[in-house]
Amino acid sequence: MIKNKNIHGKTFSVGIIGCGWLGKPLAASLLEQGASVLATSSQQCNVEQLHQQGIKAQQLLLPSNTELLQQHDVFTQQCLVIAITPQFKKGQADYAIKIAQLVDAATQRGVVQRIILLSSTAVYQGLEGLVDENTNLNLVETNTLDKTHILNSAEQAVLNFYRQGSVLRLAGLVGPERHPGKFLQAKRALKNSTAPVNLIHQQDAVGLILSLLISTSPQGIFNGVSDTHVTKALYYQAAAKSLGLELPAFSADNTLDSTRIVSGDKAKQQLDYSFIYPELLTWL
């Protein structure tokens, strides 16, 4: 619970930058526990929807001029949770620039005490076997849309925040409106059938964020991932079956399948967090 928690004797206030599929349940949980919340979205229609759901919200556009950006009300909150997406699939390459601008604006305004960036376990791209927060990343930049390089640059901007900066690397998100059984309905043979899944349920992602917010020593990087690491073939076929959908087909070529398993032990131990859905096959 966050109720009655405070920073420097003031009411606990949180700004959620990019309040979408994950930010909305986070905002609801915070409000239930007595925190003050200000959410942002780049789309005014989303701001209006947040208002209708009882969440105070304002529009925020990125990238922006830092001097202008720091005047936004979200930088009057004690904690910031940055939940904007990189939009790699849309060809965007300015994610790290946006994050750096947010950190600079918070620094210039001088009110924010803590920043939490919701990053992605995609930062481990190119690595094999068991990886954790201490694993050296593959930072060889191959093109302007190199996920690892961009995500790492964004993470470093937050970790260098002059007060407290934390990074939560979230695995693939599942939950309401994101049932994995619906992920693979395209009529084509899918690759990586023997690669392990690295996923996390929405409720556990929210739970880890809340744990970071109330932690007394939240500095550093944490992975957010369930204990489920069965093969993609097994998991997605089970997911489709649970919904009564046609089972997805996988390519017979498994020669390039990844063996990467992301460890979530650090977050569970250091944040004292117990997963609601540690086994995502059972959740199906």
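The values are calculated or read from the model by the stated rules, or taken from the named source; none is laboratory data. Please read these numbers as outputs of a predicted model, since none were measured by experiment. Using ideal geometry, Cβ is built from the backbone for each residue, glycine included, and neighbour counts are taken over all protein chains shown.
The figures follow:
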{"read-out": "Boolean, VAL81 is under 21 Å from LEU151 (Cα atoms) and crowded, with 16+ Cβ neighbours inside 10 Å", "value": "yes"}
{"read-out": "Enumeration of residues in region 67-78 that are more than 17 Å from GLN164 (Cα to Cα) and exposed (fewer than 15 other Cβ atoms within 10 Å of the Cβ)", "value": "GLU67, LEU68, GLN71, ASP73"}
{"read-out": "Selected residue (criterion: farthest from SER36 (Cα to Cα)) from residues of region 81-107 that are among the β-branched types (Val, Ile, Thr) and in contact (Cβ under 8 Å) with a residue 60 or more places away in the chain", "value": "THR85"}
{"read-out": "Matching residues in region 152-169 - criterion: being among the small types (Gly, Ala, Ser) and surrounded by 19 or more Cβ atoms within 10 Å (Cβ to Cβ)", "value": "ALA154, ALA157, GLY165, SER166"}
{"read-out": "Check on ASN138, outside any helix (DSSP H, G or I), modelled with pLDDT under 95 and under 23 Å from PRO63 (Cβ atoms)", "value": "no"}
{"read-out": "Residue that is farthest from the chain's Cα centre (by Cα) [pool: residues in region 222-232 that are buried (at least 20 other Cβ atoms within 10 Å of the Cβ) and not in a loop (DSSP other than H, G, I, E, B)]", "value": "LYS232"}
{"read-out": "Which listed residue is out of contact with any Ser or Thr (no Cβ under 6 Å at 6 or more places or on another chain), closer than 30 Å to LEU213 by Cα, surrounded by 12 or more Cβ atoms within 10 Å (Cβ to Cβ) and among the acidic types (Asp, Glu), from ASP265, ASP272", "value": "ASP265"}
{"read-out": "Near pairs, Cβ below 6 angstrom, 6+ apart or cross-chain, from region 115-142 (touching a residue at least 40 places away in the same chain (Cβ under 8 Å) and under 21 Å from VAL103 (Cβ atoms)) to any residue that is of a type outside the set (S, T, N, Q) and in a loop (DSSP other than H, G, I, E, B)", "value": "ILE115/PHE161; LEU118/ALA83"}
{"read-out": "Members of region 92-131 that are of a type in the set (D, E, K, R) and either within 16 Å of the chain's Cα centre (by Cα) or crowded, with 21+ Cβ neighbours inside 10 Å (or both)", "value": "LYS98, ARG114"}
{"read-out": "Filter result for VAL230 (within 19 Å of ALA83 (Cβ to Cβ) and either without any contact (Cβ under 8 Å) to a residue 24 or more places away in the chain or β-branched (Val, Ile, Thr) (or both))", "value": "no"}
{"read-out": "Residue within region 178-193 that is closer than 26 Å to ILE150 by Cβ, in a strand (DSSP E or B) and either without any contact (Cβ under 8 Å) to a residue 40 or more places away in the chain or over 20 Å from the mean Cα position of the chain (by Cα) (or both) present", "value": "yes"}
{"read-out": "When residues of region 235-266 are limited to those that are out of contact with any helix residue (DSSP H, G or I) (no Cβ under 8 Å at 6 or more places or on another chain) and in a helix (DSSP H, G or I), the one modelled with the lowest pLDDT", "value": "GLN237"}
